Amino acid sequence: MKAIRRFSVRPVLPETLRPLHRLARNLRWSWHSETRELLESVDPGGWRESGGDPVRMLGTVPASRLADLAEDRSFLRRLTAAADDLGDYLTGPRWYQGWAAAGDDPGPRAEGAVPSAESVVPYGRSAVFDASAPPGGSEPPGGSVPSGGPVLPGGTVASGGSAVSPASVPPGGSAASGGTVPVGGSAVSPVSVPPGGSVPPGESVPPGASVPSGASVPPAASAPPGASAPSGASAPSDASAPPDASAPPGASAHSGLPATIVYFSPEFGITAALPQYSGGLGILAGDHLKAASDLGVPLLGVGLLYRHGYFRQSLSREGWQQEHYPLLDPNELPLTHLCEADGRPVRVTLTLPGGRPLSARVWQAQVGRVPLLLLDSDLEENGPGERDVTDRLYGGGSEHRLRQEMLLGIGGVRAVRAYCRLTGHAEPEVFHTNEGHAGFQGLERIRELVADGADFDAAHEAVRAGTVFTTHTPVPAGIDRFDRELVARHFGDDAELPGIEAERILALGMETYPGGEPGLFNMAVMGLRLAQRANGVSILHGRVSREMFAGLWPGFDPEEVPITSVTNGVHAPTWTAPEVARLGARQFGHLPDGELWELRRTLRKRLVAEVRRRLYDSWRQRGAGTAELGWIDGVLDPDVLTIGFARRVPSYKRLTLMLRDRDRLTRLLLHPERPVQIVVAGKAHPADEGGKRLVQELVRFADDARVRHRLVFLPDYGMGMAQRLYPGCDVWLNNPLRPLEACGTSGMKAALNGGLNLSVLDGWWDEWYDPDFGWAIPTADGEAVDETRRDDLEAAALYDLLERRVAPCFYDRGPEGLPGRWIGMVRRTLTTLGPRVLADRMVREYVDRLYVPAARSHRALDPSAAAGLATWKARLRAAWPGVAVDHVEAQPTPPSPGGAAELGSVLSLRVWVRLGGLDPADVAVQAVAGRVDDADRITDATHVPLAPASDPDAEGRLRYEGTLALDRTGPFGYTVRVLPVHRLLAHPAEAGLIAVPSRTTSEAAGVLMR
């Protein structure tokens, strides 16, 4: 019979075993091997049956076993040590606290910068990483570095596995000649300033930009909030940022470190025991939280608790994907209620159209030092539709998804406010939205400020200042877009955010730019309009994003669109095999070839056993009897080259590219001397019939008796499978359509375990590919190649690489029977690529380049400053139609007859500009010069400020003058532009306004050095 109600009965642990509860409910166990091993030893059988979930396991441990453990002195000593270690981890100073206490600044990195191999040790002593030390490896003042940190050459201790160079400039200090300006500027690529040159007006001095002695910072180009002008540079008195309003605990007031950063994501992949993820976005979010915890970064996560999570996948006898949605009981998960002081669970309530309430309770998971708040609408007081808002991840139609995203954003901010009120946690200064799903968080914060007396525009400026937006998709189809009327119906006096005009809300997300669809509300567009700082997740993806969203900044070239990039990273303690972690202390650079090769074989052998077990279970689910599955005992071989391919199954990832020439693939699999074997896994979205057909096509090929021992498809890809798959594969295959892979971190996880990459140059592999780390699949991504032809060409290139380079390298054995070239590549992957792909590197970049500048901007835009900036922008927009470059004169020195100039000559510019009633201090006039292509587009541009040289003439025009040094040969050209400038702008393109010469003016000015 079926129960009419389900509930959990928790065991009462003996007093001496009470610390087990705390260890099980803090998800640090999922990446801390000593704690995990302790928990497993409580009941090894129960651990296996629970799928490695300690909360579930503790609920089933027999009372007799608990009584035995309560008297086991050896176990109790281990338990005490683990509890003490967790306490030290949660309360001790780590990288962030060391930085704050020392007033030190590791220095921001430019886009794409990575620590050198010499400065980073990928593996620590007892664990893979320890993020306890402050930057530079120095000991925090007044305290010692906790044990377990990796030791760098020279004896210093790295934090989190990576060392950061000592700061050149303390936060709030000044840079010496040739030094760097500290964190606090814009999050865009640094401005290059040549010795003796000057910072172009409108170009703020970004973090890390080198400003040599003698360079001038013109009044129009004030230093950003929190930055100081370097020695020898002049800056006006109004260029300094307002003093910080507050500083986080342990931080000096000048450090600019945010007290709290809130991180919103629709999914979080922390552990298989908390199944609230579908793919890369959630795994990335989980790794972000874990790395922030290890580094001591004061992050606070916000998401939704889906009662069915994402679907579980199985296969029919015919190989068709089938979805199952298990019901998750929050009481059986590592979660606790967020409660009011009187013990009542906190309720967050939204108003839906017609005044209907949508209520949610708030659950809390503890991810190391990071609290994670998850909102759950499955409450009896909700109506059926409202109760199901958090039923499934990425389920339902447009209205369902819109309500999920309103609850995540608006409800998420309200949950954060309740959490801070009840716990005394510092209020957030920075709000980071991981993709556009949580974009409504900005609207809720605007509502809060409007309720406190601000007008909408001032509130908008204040909210933007403290917001960071990360885009993860390189294709418009991957963005949530809603019908305009659907969105309008959910806001207003009888719905959510009363008091704010629906048209103001709609304007933030409408695609009002060339190529956009005016009837759609775009969540990524709203995310960009509500955030002063935005980034893609690899250098290539940043470039693609700038092109994709260039319409929001009309008149600017894509390379000037204010979207930077922070390349994703992966959390090594989560994704590194224990054997690799243990050997890491011996430094892979010195490990004998034989031991390194034996390690790889051990990992491959474990994967073979795991594959056979999962394949057997899958076939039983498909209806096969035990008697017909004896062949599974011969599936895969621990001595055969093993290739892995596992990911979601949208069409652009090309799951079936390997099947393009089935006969050729079969020959590769069955080669008598150099065979390969392939393990494949992946899920298609439940609504993606095309993706399901791709899965079925692959499964049917894998079912063929000729090759089924060499190619395997494993259903139900998730974190548990991935943690065995990545270490056991020799090669990780990735063949997306370039440039549609935003980053793609699966190959990074393989690299941490010594796996080599075989990939299209897309995402992270495009910037970090090196022949020492693997192979690049050539692409045929020209416009003249159709999709079918492209797949044929790239599949052929893949087969060629496998036949001629990959397999021979693996099987080419030296005198000692070892593949020397292969082992060398594995070694260099571990020692050189491993340090680059770390999540702690990624989080440090977010802190250096985005969080600290955002916190300083947030503090600078107090109500008065925000109102002033909003008023200034309104005046600017009203006057801008009257701003024009009216006339340009150019005079080369020495004279250049025939229109050609000589290298080393100087071009004197005189430019007459109409300002439309604006003050000269509101604008910067620049010459933009550089080489030109066949279409006269300027490439590799240099920006040179032009200075006002006259009072307004009779026509109200001002004359600006300056000189261009002609320091490059070949086709060369220039133009002139006018930009708005203000000390509170983070980027010269932020206002989206630019004035350039008309065609007539351009023709009169001429083109140089053609």
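The values are calculated or read from the model by the stated rules, or taken from the named source; none is laboratory data. The model shown is predicted, which means the values in this text are computed figures rather than measured ones. Reconstructed Cβ throughout: ideal geometry from the backbone, glycine too, with neighbour counts over all protein chains shown. Heavy atoms of the whole protein, side chains included, go into the accessibility calculation; ligands, DNA and RNA do not. Shrake-Rupley method; radii C 1.70, N 1.55, O 1.52, S 1.80 Å.
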Q) Do you know which residues across the stretch 599-620 are open to solvent by 10 Å² or more (accessible area, probe 1.4 Å) and either modelled with pLDDT under 95 or within 23 Å of PHE588 (Cα to Cα) (or both)? A) LEU599, ARG601, THR602, LYS605, ARG606
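Hey, does the stretch 881-892 have a residue that's part of a helix (DSSP H, G or I), open to solvent by 20 Å² or more (accessible area, probe 1.4 Å), at pLDDT 95 or above and farther than 30 Å from ASN568 by Cβ? Even if it seems obvious, please write down each step before you answer.
Our first condition is that a residue be part of a helix (DSSP H, G or I); within the stretch 881-892, this holds for 881-882.
From what is left, the residues that are open to solvent by 20 Å² or more (accessible area, probe 1.4 Å) are 881-882.
This time we only want the ones that are at pLDDT 95 or above, so: 881-882.
Then drop every residue that is not farther than 30 Å from ASN568 by Cβ, which leaves 881-882.
Yes - at least one qualifying residue is present in the stretch 881-892.
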Q. Taking the stretch 904-934 as the region of interest, how many residues are open to solvent by less than 20 Å² (accessible area, probe 1.4 Å) and in contact with a helix residue (DSSP H, G or I) (Cβ under 8 Å, 6 or more places away or on another chain)?
A. 3
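To keep it simple, each residue is scored yes or no on (1) among the aromatic types (Phe, Trp, Tyr); (2) within 22 Å of LEU830 (Cα to Cα); (3) not in a helix (DSSP H, G or I).
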| position | (1), (2), (3) |
| --- | --- |
| TRP732 | yes, yes, yes |
| LEU740 | no, no, yes |
| ALA750 | no, yes, no |
| ALA776 | no, yes, yes |
| GLY782 | no, no, yes |
| TYR799 | yes, no, no |
Q. How many of the residues making up the stretch 543-564 are among the hydrophobic types (A, V, I, L, M, F, W, C) and outside any helix (DSSP H, G or I)?
A. 5
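Give ARG606, ARG613, ARG647 a once-over and let me know the one that is within 28 Å of the chain's Cα centre (by Cα), charged (D, E, K, R) and under 30 Å from GLY280 (Cβ atoms).
Details: ARG606 fails: within 28 Å of the chain's Cα centre (by Cα); ARG613 fails: within 28 Å of the chain's Cα centre (by Cα).
Step by step, each of ARG606, ARG613, ARG647 is checked, and only ARG647 is within 28 Å of the chain's Cα centre (by Cα), charged (D, E, K, R) and under 30 Å from GLY280 (Cβ atoms).
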Q: Need at least 3 residues that are farther than 21 Å from GLY569 by Cβ and of a type outside the set (Asp, Glu) per element, so show me which helices (runs of 4 or more DSSP H) inside the stretch 810-874 make the cut, counting only ones lying wholly within it.
A: 820-828, 852-860
Q.
Here is a list: GLU1003, GLU955. Which entry is in a loop (DSSP other than H, G, I, E, B) and either surrounded by 14 or more Cβ atoms within 10 Å (Cβ to Cβ) or modelled with pLDDT under 95 (or both)?
A. GLU955
Q.
Among the residues in the stretch 744-767, are any at pLDDT below 95 and open to solvent by less than 30 Å² (accessible area, probe 1.4 Å)?
A. yes
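Looking only at strands (runs of 3 or more DSSP E) that fall completely inside the stretch 415-527, which ones have 1 or more residues that are closer than 30 Å to ARG875 by Cβ? It would help to see each step written out before you state the result.
Numbers: elements: 430-434, 467-470, 481-483, 520-522.
By residue number, 430-434, 467-470, 520-522.
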Q) Quick check: is even one residue across the stretch 772-784 on the phi > 0 side of the Ramachandran plot, under 25 Å from the mean Cα position of the chain (by Cα) and open to solvent by 10 Å² or more (accessible area, probe 1.4 Å)? A) no
Q | Looking only at the stretch 276-297, and only at residues there that are in a loop (DSSP other than H, G, I, E, B) and surrounded by fewer than 24 Cβ atoms within 10 Å (Cβ to Cβ), the one that is nearest to the chain's Cα centre (by Cα) | A | GLY279
Q: Kindly list, by first and then second residue, each pair from a residue in the stretch 19-38 that is of a type in the set (Asp, Glu) to a residue that is surrounded by fewer than 21 Cβ atoms within 10 Å (Cβ to Cβ), limited to pairs with Cβ atoms under 8 Å and residues at least 6 apart or on different chains.
A: GLU34/ASP85; GLU34/SER126
Q: Consider ASP940 carefully, then state whether it is of a type in the set (Asp, Glu), open to solvent by 70 Å² or more (accessible area, probe 1.4 Å), modelled with pLDDT under 95 and in a strand (DSSP E or B).
A: yes
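For the structure I just gave you, tell me whether ARG693 is basic (Lys, Arg) and within 20 Å of ARG648 (Cβ to Cβ).
Details: basic (Lys, Arg): yes; within 20 Å of ARG648 (Cβ to Cβ): yes.
Spelling it out, ARG693 is indeed basic (Lys, Arg) and within 20 Å of ARG648 (Cβ to Cβ).
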Q. When you go through (1) crowded, with 18+ Cβ neighbours inside 10 Å; (2) more than 19 Å from ASP953 (Cβ to Cβ); (3) modelled with pLDDT of 95 or more one by one for ALA901, which number turns out not to apply?
A. (3)
Q: Check whether at least one residue in the stretch 813-827 is open to solvent by 40 Å² or more (accessible area, probe 1.4 Å) and over 24 Å from VAL580 (Cβ atoms), and report yes or no.
A: yes
Q. For the stretch 82-98, what are the residues that are of a type outside the set (D, E, K, R), in contact (Cβ under 8 Å) with a residue 24 or more places away in the chain, open to solvent by 40 Å² or more (accessible area, probe 1.4 Å) and not in a loop (DSSP other than H, G, I, E, B)?
A. LEU90, GLN97
**Q.** Unique match (being open to solvent by less than 50 Å² (accessible area, probe 1.4 Å), in contact with a strand residue (DSSP E or B) (Cβ under 8 Å, 6 or more places away or on another chain), modelled with pLDDT of 95 or more and within 30 Å of ALA751 (Cα to Cα)) among LEU876, LEU850
**A.** LEU850
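Name the one entry in VAL468, VAL487 that is at pLDDT 95 or above, of a type in the set (A, V, I, L, M) and under 23 Å from the mean Cα position of the chain (by Cα). Explain how you work it out, then say what you get.
Numbers: VAL487 fails: under 23 Å from the mean Cα position of the chain (by Cα).
None of the other options fit; the residue is VAL468.
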Q: Among what's in the stretch 644-673 and is more than 17 Å from ALA796 (Cα to Cα) and among the hydrophobic types (A, V, I, L, M, F, W, C), pick the residue that is surrounded by the fewest Cβ atoms within 10 Å (Cβ to Cβ).
A: LEU670
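Could you tell me which of the residues ASP786, ASP766 is out of contact with any helix residue (DSSP H, G or I) (no Cβ under 6 Å at 6 or more places or on another chain) and of a type in the set (D, E, K, R)?
Working: ASP766 fails: out of contact with any helix residue (DSSP H, G or I) (no Cβ under 6 Å at 6 or more places or on another chain).
Of the residues listed, the single one that is out of contact with any helix residue (DSSP H, G or I) (no Cβ under 6 Å at 6 or more places or on another chain) and of a type in the set (D, E, K, R) is ASP786.
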Q. With respect to the numbered conditions (1) at positive phi; (2) open to solvent by less than 20 Å² (accessible area, probe 1.4 Å), which one is the sole condition not fulfilled by GLY623?
A. (2)
**Q.** Candidates ARG447, ARG464, ARG489, filtered to the one that is surrounded by 23 or more Cβ atoms within 10 Å (Cβ to Cβ) and out of contact with any Phe, Trp or Tyr (no Cβ under 9 Å at 6 or more places or on another chain)
**A.** ARG464
Q.
Among the residues of the stretch 437-458, are any touching an Asp or Glu at 6+ places or on another chain (Cβ under 9 Å), at pLDDT 95 or above and under 17 Å from LEU850 (Cα atoms)?
A. no
Q: Would you check which residues across the stretch 543-568 are crowded, with 24+ Cβ neighbours inside 10 Å and not hydrophobic (A, V, I, L, M, F, W, C) and list them?
A: SER545, PRO562, THR564, SER565, THR567, ASN568
**Q.** Extreme residue, most open to solvent (accessible area, probe 1.4 Å), among residues of the stretch 675-701 that are under 25 Å from LEU393 (Cβ atoms) and acidic (Asp, Glu)
**A.** GLU689
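From LEU798, LEU802, LEU833, LEU793, which residue is touching a Phe, Trp or Tyr at 6+ places or on another chain (Cβ under 6 Å), of a type outside the set (Phe, Trp, Tyr) and touching a residue at least 12 places away in the same chain (Cβ under 8 Å)? Before you say what the answer is, go through the steps one by one.
Numbers: LEU798 fails: touching a Phe, Trp or Tyr at 6+ places or on another chain (Cβ under 6 Å); LEU802 fails: touching a Phe, Trp or Tyr at 6+ places or on another chain (Cβ under 6 Å); LEU793 fails: touching a Phe, Trp or Tyr at 6+ places or on another chain (Cβ under 6 Å).
The unique qualifying residue is LEU833.
For residues that are assigned to a helix (DSSP H, G or I), modelled with pLDDT of 95 or more and over 23 Å from ILE678 (Cα atoms), tally how many sit in the stretch 565-592. Write out each step before concluding.
From the stretch 565-592, those assigned to a helix (DSSP H, G or I) are 572-575, 578-584, 588-590; that's our starting set.
Then drop every residue that is not modelled with pLDDT of 95 or more, which leaves 572-575.
Okay, now just the ones that are also over 23 Å from ILE678 (Cα atoms), so 572-574.
The total comes to 3.
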